[in-house]
1. Is the shape of segment 1-151 best called rounded, prolate or oblate, per the rule: a/c under 1.5 gives rounded, else a/b larger than b/c gives prolate, else oblate, with a ≥ b ≥ c the square roots of the Cα gyration tensor eigenvalues?
2. At 222 nm, what helix-only mean residue ellipticity would the chain give, in deg cm²/dmol to the nearest 500, using -39500 (n - 2.57) for each DSSP H run of four or more?
3. Please list, or write none, the lysines whose alpha carbon is within less than 18 Å of the alpha carbon of residue 98, excluding same-chain residues fewer than 8 places away.
4. Quick check: at a probe of 1.4 Å, how many percent of the accessible area of segment 205-251 sits on carbon and sulfur atoms?
5. At q = 0.29 Å⁻¹, what log₁₀ I(q)/I(0) does segment 40-79 have when each alpha carbon counts as one equal point scatterer in the Debye sum?
6. Give me the one-decimal Kirkwood hydrodynamic radius in Å for the chain, with the sum taken over alpha-carbon pairs.
7. Hey, got a sec? Which GluC sites (Glu not before Pro) in segment 19-110 land in a DSSP loop and have at most 15 other Cβ atoms within 10 Å?
8. What are the trypsin sites (Lys or Arg not before Pro) within segment 56-129 that DSSP puts in a loop, where the Cβ has at most 15 other Cβ atoms within 10 Å?
Amino acid sequence: MKLRIPASSANLGPGFDCFGLAWQLYNEIEFEFSDELRVEGCDPRFANAENLAFQAVRRTAEAAGKACPAVAIRFVKTDIPVSRGLGSSAALIAGGVKAADALLKLHMSDDALLRVATEIEGHPDNVAPALFGGLTVSAAEGDTVLTRRFPLHERFHFVLLSPDFELSTAAARGVLPPSYPRADAVYNLSRTPLVLRALQDGDSELLRFAMRDKIHQPYRRSLIPGYDKVEALALASGACGFGISGAGSTQLAIFPDERAAQRFAASAGARFPAWRIQSARPDLTGTVIQ
């Protein structure tokens, strides 16, 4: 069977480790029973039993009390860049749990699949939109993982800017402080519901105010050469939101006007010709079996 899994952006300004948004940017992976494990079509470093897609198959089978099957995994399409803050790891995990559920006829609930995926990924902000699509807010406590989808106004236009260098999640986590001042925590808490309301209502002025963050972006922006220049260009071009996608290095610009988004993408592409700069549309379906 072949599955299509979307890319995703976590955090979205103040929504650190809980917001996620899926994109119409996909990996396609084939899974089938085999006499031995085979992983084809990916970087040779990952063509082994440590591949996250296979690990997700194994963990899902174990969660259902089943023996892990030998599978052949073939990467047919890999449009999600690795280590760029677009959920490449989450996409492998989402594909693996859905494939295991279908191949083994487990009929697991969405909550159960999300719980297994979160156990592997560590937090649900990317795996939730990868599995279910759309704009999601997720929370975990102990063995309980919850996610809910929120409306997204069609007014907004999105531009993804992926630099020509990787940024590991471990490195991006490493620059964050071990604790935060209470004022910074309140700053973010006060803005997270406003981001959701702005995205739902198409309120660009509210989004411009609410997308600010004090938890992760002030620390991570220094890891992305060119960030300050791109942010300044985006805001000067009319962006109502700008920030780091996930842990980076990709950046996300949000515009209330399609022409402004296109002009910005062209200008940014001229200044950073080695970067991958593209308009992006939200994916509303999540992981699907084709």
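1. oblate
2. -11000 deg cm²/dmol
3. Partners found: 2, 66, 77.
4. 57 percent
5. -1.00
6. The answer is 19.3 Å.
7. In loop regions of segment 19-110 (DSSP not H, G, I, E or B), the sparsely surrounded GluC sites (Glu not before Pro) are 36, 50.
8. When the trypsin sites (Lys or Arg not before Pro) of segment 56-129 are filtered for loop state and at most 15 Cβ neighbours within 10 Å, 66, 105 remain.
The values are calculated or read from the model by the stated rules, or taken from the named source; none is laboratory data. Quick caveat, the model's predicted, so the values are computed rather than measured. Here Cβ is always computed from backbone atoms with ideal geometry, including for glycine, and neighbour counts include all displayed protein chains. These accessible areas exclude ligands, DNA and RNA; they are computed on the full protein's heavy atoms, side chains included. Shrake-Rupley method; radii C 1.70, N 1.55, O 1.52, S 1.80 Å.
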